[in-house]
Each structure stands twice: as C-alpha cells, then as structure tokens.
1. Given the options C:Phe121, C:Phe82, name the one that is among the aromatic types (Phe, Trp, Tyr) and more than 10 Å from chain A (Cβ to nearest Cβ).
2. Are any residues in region E:79-114 under 14 Å from the mean Cα position of the chain (by Cα) and under 11 Å from E:Ile36 (Cβ atoms), and if so, which ones?
3. Please verify whether region C:87-109 includes one or more residues that are in contact (Cβ under 8 Å) with a residue 40 or more places away in the chain and either under 24 Å from E:Pro171 (Cα atoms) or within 13 Å of chain E (Cβ to nearest Cβ) (or both).
4. Among all residue pairs at least 6 apart or on different chains, which show Cβ distances below 7 Å where the first residue, located in region C:182-209, is in contact (Cβ under 8 Å) with a residue 24 or more places away in the chain and under 22 Å from B:Tyr196 (Cβ atoms) and the second is β-branched (Val, Ile, Thr) and not in a helix (DSSP H, G or I)?
5. Just give me the residues in region B:157-209 being polar (S, T, N, Q), more than 7 Å from every other protein chain (Cβ to nearest Cβ) and open to solvent by less than 30 Å² (accessible area, probe 1.4 Å), in sequence order.
6. Is it the case that region A:132-154 has a residue that's under 23 Å from A:Thr22 (Cα atoms), open to solvent by 10 Å² or more (accessible area, probe 1.4 Å) and away from chain B (no Cβ under 14 Å)?
7. Would you check if there is a residue in region C:186-202 being under 26 Å from C:Pro109 (Cα atoms), among the hydroxyl-bearing types (Ser, Thr, Tyr) and touching a Ser or Thr at 6+ places or on another chain (Cβ under 9 Å)?
8. For residues that are buried (at least 24 other Cβ atoms within 10 Å of the Cβ) and in contact with a Pro (Cβ under 9 Å, 6 or more places away or on another chain), scanning just region D:26-43, find the one that is farthest from D:Phe223 (Cα to Cα).
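The values are calculated or read from the model by the stated rules, or taken from the named source; none is laboratory data. Predicted model only: the values in this text are computed from it and were never measured. Using ideal geometry, Cβ is built from the backbone for each residue, glycine included, and neighbour counts are taken over all protein chains shown. Surface areas here come from the heavy atoms of the whole protein model, side chains and all, with no ligands, DNA or RNA. Shrake-Rupley method; radii C 1.70, N 1.55, O 1.52, S 1.80 Å.
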There are 6 protein chains.
Amino acid sequence: MKKKLLVIGAHSGDFVWRAAGTIAKAIEEGGDTLVIAMSYGERGESGELWKENPNRTEESVKIIRHEQAQKAADILGTPIQFLDWGDYPMLISDERITQLTKIIGDFEPTVIMTHSEKDPFNPDHPLAFQATQRARLLSSGAGVPSAFKNIDPPVWYSFEPHQPELCGFVPDTFVDISSVMDKKLAAMSCMGAQTYLKDYYAELASRRANHARRISGKKDIKFAEAHQSQVPRVVSSIF
Amino acid sequence: MKKKLLVIGAHSGDFVWRAAGTIAKAIEEGGDTLVIAMSYGERGESGELWKENPNRTEESVKIIRHEQAQKAADILGTPIQFLDWGDYPMLISDERITQLTKIIGDFEPTVIMTHSEKDPFNPDHPLAFQATQRARLLSSGAGVPSAFKNIDPPVWYSFEPHQPELCGFVPDTFVDISSVMDKKLAAMSCMGAQTYLKDYYAELASRRANHARRISGKKDIKFAEAHQSQVPRVVSSIF
Amino acid sequence: MKKKLLVIGAHSGDFVWRAAGTIAKAIEEGGDTLVIAMSYGERGESGELWKENPNRTEESVKIIRHEQAQKAADILGTPIQFLDWGDYPMLISDERITQLTKIIGDFEPTVIMTHSEKDPFNPDHPLAFQATQRARLLSSGAGVPSAFKNIDPPVWYSFEPHQPELCGFVPDTFVDISSVMDKKLAAMSCMGAQTYLKDYYAELASRRANHARRISGKKDIKFAEAHQSQVPRVVSSIF
Amino acid sequence: MKKKLLVIGAHSGDFVWRAAGTIAKAIEEGGDTLVIAMSYGERGESGELWKENPNRTEESVKIIRHEQAQKAADILGTPIQFLDWGDYPMLISDERITQLTKIIGDFEPTVIMTHSEKDPFNPDHPLAFQATQRARLLSSGAGVPSAFKNIDPPVWYSFEPHQPELCGFVPDTFVDISSVMDKKLAAMSCMGAQTYLKDYYAELASRRANHARRISGKKDIKFAEAHQSQVPRVVSSIF
Amino acid sequence: MKKKLLVIGAHSGDFVWRAAGTIAKAIEEGGDTLVIAMSYGERGESGELWKENPNRTEESVKIIRHEQAQKAADILGTPIQFLDWGDYPMLISDERITQLTKIIGDFEPTVIMTHSEKDPFNPDHPLAFQATQRARLLSSGAGVPSAFKNIDPPVWYSFEPHQPELCGFVPDTFVDISSVMDKKLAAMSCMGAQTYLKDYYAELASRRANHARRISGKKDIKFAEAHQSQVPRVVSSIF
Amino acid sequence: MKKKLLVIGAHSGDFVWRAAGTIAKAIEEGGDTLVIAMSYGERGESGELWKENPNRTEESVKIIRHEQAQKAADILGTPIQFLDWGDYPMLISDERITQLTKIIGDFEPTVIMTHSEKDPFNPDHPLAFQATQRARLLSSGAGVPSAFKNIDPPVWYSFEPHQPELCGFVPDTFVDISSVMDKKLAAMSCMGAQTYLKDYYAELASRRANHARRISGKKDIKFAEAHQSQVPRVVSSIF
C-alpha cells in the first residue's frame, strides 16, 4: 500500500517549523505527502510583515504568506493546499468539517499530523486539532457507506507545539531528520525575515536529537523532530 | 545489531499469559529471547496445585511450577532463568537489584518487557516493575564505566495486566500474533489444570485483535497482544 | 421514591451491547426504565445491513434498525424512544439539548447512563456524553423555577465503550447480571446478523465477572457489566 | 505599569462569594478592578427570591439581583458591568466572544480571574471559562494587528468552585484577605436572604487560612481565598 | 456475612477527626469495627501538650494520647489497638508489614479505611497508605494458602486528608452521619485542648453535607464525611 | 526574615546546569544560598573524564569533580557542601535522611530546590526528590518538638530535568536570569571539557526566555530558568 502523509496546520507556516523534516524524510522514503494550511495566519502569525509595513492590507499579507509557504513546500517537494479560513478568530462550521473530511477521503492518507489538543497560547491550534479529529473519524470510522467516502483509519500524530509542557505534549516518537536537515533549513529560510525562528527551530532539532540519542543509544542522530501519537500502533513484531 | 527481547515476570507463569505470542513472534523474526521468572509464584499463583493436594510442600509446588514453565518456554523456543526470590511477600533488596542488573548487562537486550507500574490486585507486580526500571537504568544510563556493564538503553514495555484499566494500563502497541497463536495455545496448555485461564487469554488475544483491526484497518489480524511503551521510540521515518 | 433508570445511546444498538443486563436487572428489582436512541446508527453502525444489500436506501436501514431495537427492548421489558437525529455526522443543536432536557424532566430518572466522555474511535459517542451532561444539569442544577422542569439530580454513569483504556474508561461499578444473562443474550440475538458481536459481548460479560469475583470474593457472579460513575454517591453507611 | 484585575463571573453573585477578598485586597494595594457579570443568574442562582414569591417575573428577579450585586460591588469599591446573557441555559455565540474580547481590550487587565474549567454541578461555569479563555487569547495572543486590540497577556486564574475536588480545582495561590475580611462579609450581606451562604463562605475563608498557615508558617493569616493559576508566572527572583 | 470496618490511622487521633462518624454509623447498623493507631503521634500531632508543658517526656505524652484516644473510641463504641511505631519519623519494616497483615487476617474486615496515597504536608500518612495497601493484598490477594491467612478482599477507602486537593483526594462516597454527629462531637472533645480542631471538623461535616445534598437532592442530610474508594464496588443492581 | 535558598542535587554538576542563574539571582537580591551535592556523579555523570583517561581511579574522578563544582560555586558566590553518597547506584538509608534533615534544620531555607519526582532516564534523580521531600517534612511538618529541629516550611521547587515532558515536568515559574547569565556561563565553563553541555544549556536559557516573553509580554527577558512548584504559594495580593 502506498504510504501517504497528510500534514494539517492552522496557519500557513506551521508545517515548516514543526514537521518539515518529517515531510522531507517521508518523501525521501518514496511516500506521498500533502500539506493543508487552514489559514494564512494573516493576523496572528504575521508580526514581521505588519511591523515592516503597518499600512499593508490583510489581502496583501495573505499573498505574501501564500508565496512563502508555497516556496517552502516546493523546497521540501510537497504539494500544499490553502483553505483560507481566516485566523484570530478562526471559526469552524459543519461545512468546513465536511470540506476537510472530503480532503481526507480524496487523499487517503496513511498518516495524519496536526496540532496538539491543548494550547494555552493559541486559540486556533486546539480548533485545528478538533476539526482534524472529527474529519478523520468521519472518513474512517463508519466501516460502511456513509455521507463520506470511507478509508482505512490513518495513524494520527500531534507535532510539537511551541511550549510543549504547557500544551500537555509528551513526545513518544522521535524522527531522525539528519539526512534532510538542509531542506528544513532552506524551507525555514523562505518564511520571511524571521531569522530568530529559524535559529530557534534549528536548536530545537538539535536538542531533540540529543534526547533521541540518549533514549536509543543511536549516536549518529544529529537532528530530530518529536511527535506524539494519538492512537496506538499495530505492528507485526515488537522489534 | 542483533535484536534481543528480555521478558521479566514476577511469577513463573506471567510470560506465558501475557507475552508468549510476542516472544514467539520475536523468535520467528530471528531475534534472541530470554525469560526471567523472579519467583515460582508458589504461594500466590498456584491455587490449582494447592487445591488438588493441600498437603503439598512449598518445595514440591516449586518443582512442578519449574517444570511447567520450562516446558512452555521450550514450546516457544526461548531460554528461561528462575531466580526463586519467593512470593507473598516478594522482597527486593539492593543485592537483588544488582543481580538483575548483571543479567541485563550479560544479555544486552534491545527490548525489555515487564509488568505495569501499578496493580491494585497484586503486591508483587509493582515490585517487579520497580526492580526492572532500576536495573535497566543502572545498566544503560551511565554512559561511562560504572559499577555495572554499560549497554545501549533497551526499549521498554509493560505487558498487559489482568485488570488493565484499574492498573492504569493504556496499550499503545498491538503485536499481531496470528502466525504463532498455536504456540501460545500450546504453551498455555503446559500451565497445569487451569483450563479457565487458557480460554480467558485466548479470548483476550481475539479481543485485542478486534481492537487492532479497528485501529489499523488490517483485516487479517486474528490474534494480538497489547503492550504499553515506557519510553519513546526513535525512528528513521514517520511511516 | 420510585427507582428509574434512563439509558441514552447515540445509536439504536448501544443499549443492547453495553447495558442490557443492567436494564434487565433494574426491572427485576421493580424499577422503571427508559431507553433513548439518539439515532438509528444508520450509517456508522449498520455495516451488516449495507453488506447484505448495498442498494438499500437509508430509510429502509432505519426501519430495520428500528424493528431490531424495539424487539430487543421488548425482550428486556423496557420502553424505548427513537429521536432519529442522524449519524456520521450527528449534529447537536440548542433545540436538541432542549428536547433531551424535556425528556429527562418528564421521566424523572434516579439514574442516567450514557457513553464515556472520550472515544477516539467514534465521533458520535462524545457528543452523546456532552448532550446528556448538559441536559442533566439543566434539568436538575437550578434548584428553582427555570426554563426547564426541575428534578432531583440523577446519579450518572458511563457504560463501557468498545476500547475502554483508549477512551479513558475506568470502571468503578460492576453490576452482577448473572440472573438476567439469558435476556441479554436474547436481546443481542435481535440485532441482526452480527453473530460476532454477540459472542464478543458475551465474552466481555464473562470477563467482567471474573474481575468482579477477584475484587469482591463473591464466587457466584457469572456475568457482569462494568460502568463508571460520573458523580459521587451519597450513602447512609459505609457498608 | 498600572495593576488591573478583571473578574468574570457567569452569574451576578459569583464575584462576591469567590473573589471579594481578592478584589478588595487589590484595591487596597492601589490596583484597578472591574467585575463582569455575564448573567444575573436569574434562574439558576436565585432560589431564595423565587421561594419568597413564586409569582415574580424573571425581569423583577433580574432587577433585584442587579441591585444586590451593585451594592456589593460598591462596598468593595469596584466597578461592575452586567452583560445580561441569560442563564439555564446560557448560550455563547461568536458575537458574545467578540463582545468579551472588546471588554478585555478596553480594560487591559494584568490579571484575569474566572471559573474553573470543569464543573459537574453547573452548566454555565465551564462556558464562562471557555469564553474567557478564548477572549483572553484573541486579545493578547496575536502579537500583531488583528481583528482585536492587542494587549499584553494577562495572568489568568480560576477562583474556587463550590465543590473543588470534583471540579479538578487544585489551588496553587492563597491570597491573605485578613485585612479586608470585613468588606467581604459586608458584601456577602448584600446578597439577599442567603444567610447560609454567608456563613459557608466565611468558614471557607477561615479554612483556607488554616491551610495557608500550614503551608507557609505565616501565623497571622486569619482569612484567605484560594485560586488556581492557568498560566505560569514570570518572576525576577525565586524569592 | 458479618460487616466489619477496620480503620487504620498513622497517629492516634486520625480516626476521630476523619472517620468517627463513619465508625459510629457502622456500629449503629450492627457492624463490627476496629481502630488501629500505628503511633501516638507523640511528636508530630501533640503540639498542644508540648505547648502546655515543654518539660514533658515523650513517654508521658504517649500516655495522655493513649487515654484520649481510648476515651474517644469508648464514646463511639469501638475497640482500638495501639501499635506504638513512633512518628517523625515513622519507619516501616517488613516485620511491621507482617504484623499489620496478621491483624487484618485476624479481624477479617469487609471494609478497610486509611489515609490517602499522597500528602505533601505529612511524611507519615503516605507510609500508612503503603503499609495498608501491601498488608491488605498479602491478606487477600493470594487465593491459596500462603505465608498469611487468606481472607476475602475487603473494600478499601481513603478518608479525607487535611488539604484534600493537594493530596489528590477526590471524594466519591459521602456518608450521611447526621444521626451520630453528637457522638463525633463528643469523641472530638476528648482529644485535649484542641477546641480549634473540633470546630474545624464540625464545619467540614456541615460543608460535606451541603455537597451531599447538592449531589443527591436528599435535603435531610445535616452532616457527612467524605471518602475515596481505592477499588471498584460490585453490586447486584445499579440502583 | 532573611531569604535563603537551598539547592540539592544528586550529582555535583546538577546545580550548575539547572539552577546557576536562579542561585546568582538570589544572591544578587541579598539572599543566602547553599548547594548540596549528594554525590560527585563519579560514575554516571563523568563521561568526559573517563573518556580522556580510562585508567583513572574513582577517587581521582571525585577529586576533579569536587574542584570543578567548587570553582563553579565560587563564581556564583555560593557555599557548597559535598555528601559523597556515591552514584550508580545511589543508596538512601534512614541515616542519610537524618543527615539531610539536620542540614535543612541548620540552614533554615525559605526555598528548597531539587530534582523532579520522576525521571525515566536517571535512577538517582527520583531518589534525590524523595529524600528531599522526606527531610523537608521531617524538618517542618511537626509543629512541635520532635526528633528534629523544627523550622517554617520552605517553599519547594523542582528544577528543570533534561527531558522535561518525559519526566512529567510542567514549569510554572520562570526566573529572569538575564542580569546574571554571564555568571551562569562562567560557572558552566568550569565543568570540564563538556563544551556541548554549555551550549545546550545556554540555548535552553534563551528558549525559556522566549517562552517567558510570550507568557508575560515582558520584552526585555533574554535568559530564563524554568522551575515547577511542589507546594502552593501564599501571597498578600493577587498582583
């Protein structure tokens, strides 16, 4: 069966900071990937752009954010789709759940990755979690003809939030991204003037690699991303 | 690197009921295995034997329990070592921790499996967890010459306790044991007159397979064992 | 005061698999019972019917599901009411909360039983929990004339979900259903071709009885159902 | 920077029972305060008034509740604003979130205080928590121009619910209100015939002071209120 | 089967403050009771006595504490046994576990009651919990002849600690002690000069009754004690 | 009252990596400080030294570790005391608890800081937590003359472990160490060849400052350390 990874972010930059290495690694392994950006993060995540030019319009911010995310996706080699749902506030309706469910049914992912369930520092991240949870179940839970196309239940992860402990995030899966770290760095460079964030997430990758080495004894891991499973895994052997 | 599974049970029957399928599957995959029985369970887990003949001596119970467990291990194809630490009460001393640490250092497991941290229905199971936790860390945590031989940190699981919810057990790994279920059944048959337990754990394997099918969509899983990771896993890809 | 049990299920079969024994036992004790089926489970829980005949209409599935559930309720001796709210997706509105609140006010249950708060395998079960929680509080919380009839706060349980540990279900109440197991079996037989589920839940009742015997020492319990209290109990003595 | 405390209650009496001492103490220290009453609690919290005169209209209950709360606020020396959103049921809409966000943006609190996240005995308290959580994040999370005025993120507490353990409330901050206990008593006296509640919360203040003395060794604390932080605190020293 | 309640306190006064009503109610219902005082609390719980006369010897404090507790037990009508294990620090050895196991085996309680698992304000309470947990399992877990007499597993509760939320105590069982509150008051009066504590626990009983009334709607409950189950209950009906 | 900070580490380097900034800041504010090193970490934390020269004796490692830690303490300006209890394995006895209790009684700290309760990657850290917890309670819990000198209960924190989420560490207090970061860097430089760790913890301080800025809006925080309270705080005002 073809392996397929679907990454769903509340804002257009989320997939870069939190999962770019995992995406690049999945592609390196021959898997298909798709990124969904629920919004452009035009209000809540575009501080640098508004600081540069406070007279911008919201539309112009969206255009820049679209270009940046598209470029980052191109570097990683992944398709990306923009839903333009707005942020601060993001609103989730039954129609939007249906839209997301259809996307999942069409792509048929074997793995889904999105935000953590809780985030006391961002109002949109938990909404993205809830929408993804619901759409994933509507796609796969029924086991029979329903209002939605029925696919095998994808494995489901939360990627790492900005303040992990305060979001109840406990990583249980560390992905070795050493071989694709250059792509993550390049993708992060597309995201505008935010040099600071690039350094920050490069450091995080190094720190998670340190943890991964200590956990596993695998001394050649240089960079890693940490994720948390939301459902158990089913394996053919304990090894 | 050679894959090696170490299963540590408080009583001589634990490995059969809770992990026989996982052991047989590990061997099928070419791995090495070792079972440690901390005690014979001569008091707490030998009800059938005492009921048959209340005039038995404790020593005679131990001999029968030794034979049963050895026979079950033979069927699975795994070596087994008996520590004879006694049960009801089992007592853990610094010397016994050292003994267990040495066993771990000698075998160099890549995976360790033992009881869950909590068990409100058995006084020995949490002690086995604590002893294993401590011995595993003393074997692998130091990173430098210490009182103990230093090995790479093994992955570490709890196998399923008898009353999972009340032991705080949340399975995150289901092992498909369909191809070796006949061996688990045969091993369970060695454990004396306890027909009831054999049926019970056969049903559990069937039930866990039902769960595994629902989680994964893999329709050909007929029997499964459920375990809970105690440390994160480190992988080269999210797939 | 008359004892009254209200069982609220998201789909028309839930009360049979999860609480039929508890319902029959309540009736045996002279209590009143009422079952609410929020939907027919016409999409998510009717796999067998769609498999038999993929050309069925949704309406025809509902009719069959209605008949099956009615027949099962008749065997147990309980009234049942169908709300036909739809499933996959089920939608909860303020009007539906009001409808459910009115049902609770009219029946005046002393005990309410519904799904668990969390269920990563079913999108409707947590909605049923939330709707019941809210309607129960609107019925009983005010203590004064309000928009709703005001009743004494019913005791409130979650019945057992399909994958208990992954739903955060920790049973704290085991009901001995030995004397009515024949009725549960007969009720389960009404639910169509799903022989498998009938065996599955018979095994579960046997397994929960094993747990109940170990917990209590009561050796004559043959079958049991497990539930989780959502509010404390108030008693006249600790015995 | 001016210190400002915003207290948000679901019903017009909540701020008196749960935070009157903390408000008075904040004023004593030279801070600004503002109380928001989302509803008058005209249905769920006005039992005494309905008992006195069952023929009252809802409007007349609201007028009395308004006067009582205003008088209590006057005694404490704090402004109060009534939103009149209704109770039993209280309904939260996107418009109401926007209204609350605007209030936060206008007042620019440094500390926000509201109900606990969970309350199995009241349907409105968790709604007040959720609305406050969302409005606080929309006011402060963006870091850039957004749909809402952007302020520094206020510290955020839950005040003590009526049945703390069952609401998951774990106090981490005890405020010594000894010097203003007379004001709390006077404010509580404004709340109508509920002598019982006044005694109850006076006892609670004494009990929490006992706890605070044991925790800190500060023997001169006579009365205290207990709260739970929802975000970490940032300090210039550990002392 | 005769109903029997065993109450195990770390210090000689614990059973009075935390469970006197439950004990008196059990006797009122025709049950047997036994109180175990692990120590006299001669150091940690005898502040009043040392304050009165700092020149006392430890032995003289023990004698007074013995008399007080005996008198309180007499008022309630319960036997009491003093183990004199010392406090601050209390030390638990394998021999003491054996001693406690023997007491449980001899009394054959149907209900055991002791401290909560966690108490950040007292070093002895968690030890009492652990000792009781272990002795209870050694008495009842084996199911066969063991080193200890084998009894049916008693139901097991934690009584209410001084700072419940900080001890992780969540009450799930409220006992109506209205009919025996006079006995609890009289027993508390025996405990020396601690007028304060008597008022404190009288208030607590009143407060817990308020909670019990709200939970159950039973308006005639005037005083209650709150406890937390440590094992599930097994019942013949949900009512 | 004089402010006093006691920092207790399992190994001689722990205070540097995890709390050096907090110590320096406490001294800057005029407080007294004392560091306790339970062991030299001669086995588990001295990898660099053994790698340089595998023929070293354990005694020679201890001497070097002593010098390094003393030098780091001197830079921070804090006294340090070495208990030399050994590591891998560290053993805690009643005598050692008494020794630690005496140290606490003599120093009379207002704040104690030690490891987190849980650490799946280090066998000594949880032991240090337990010993500190017990000694702190024996020093302060009794409220009357006991075997130990009786002091006011110190506030109590866990400092940040190496893998916070996996140790159950949730920071609730961020200390701004910007003004003393140069001292932390200098102290870290004393700890031998471990350039890597110095970079690692400098990054951590920068990362925690980023979190602290987001939480508080205080834009001038450049470096921070994160800690977790183990007991509530008692304050004179909510501000």
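1. C:Phe82
2. E:Pro79, E:Ile80, E:Gln81, E:Phe82, E:Pro109, E:Ile112, E:Met113, E:Thr114
3. Within region C:87-109, one or more residues are in contact (Cβ under 8 Å) with a residue 40 or more places away in the chain and either under 24 Å from E:Pro171 (Cα atoms) or within 13 Å of chain E (Cβ to nearest Cβ) (or both).
4. Cβ pairs passing all conditions: C:Lys184/C:Ile177; C:Ala205/C:Ile177; C:Ala209/C:Ile221.
5. If the condition is that a residue be polar (S, T, N, Q), more than 7 Å from every other protein chain (Cβ to nearest Cβ) and open to solvent by less than 30 Å² (accessible area, probe 1.4 Å), then B:Ser158 is the only one that fits.
6. For region A:132-154, residues under 23 Å from A:Thr22 (Cα atoms), open to solvent by 10 Å² or more (accessible area, probe 1.4 Å) and away from chain B (no Cβ under 14 Å): present.
7. Looking for residues that are under 26 Å from C:Pro109 (Cα atoms), among the hydroxyl-bearing types (Ser, Thr, Tyr) and touching a Ser or Thr at 6+ places or on another chain (Cβ under 9 Å), one finds none in region C:186-202, hence no.
8. D:Arg43
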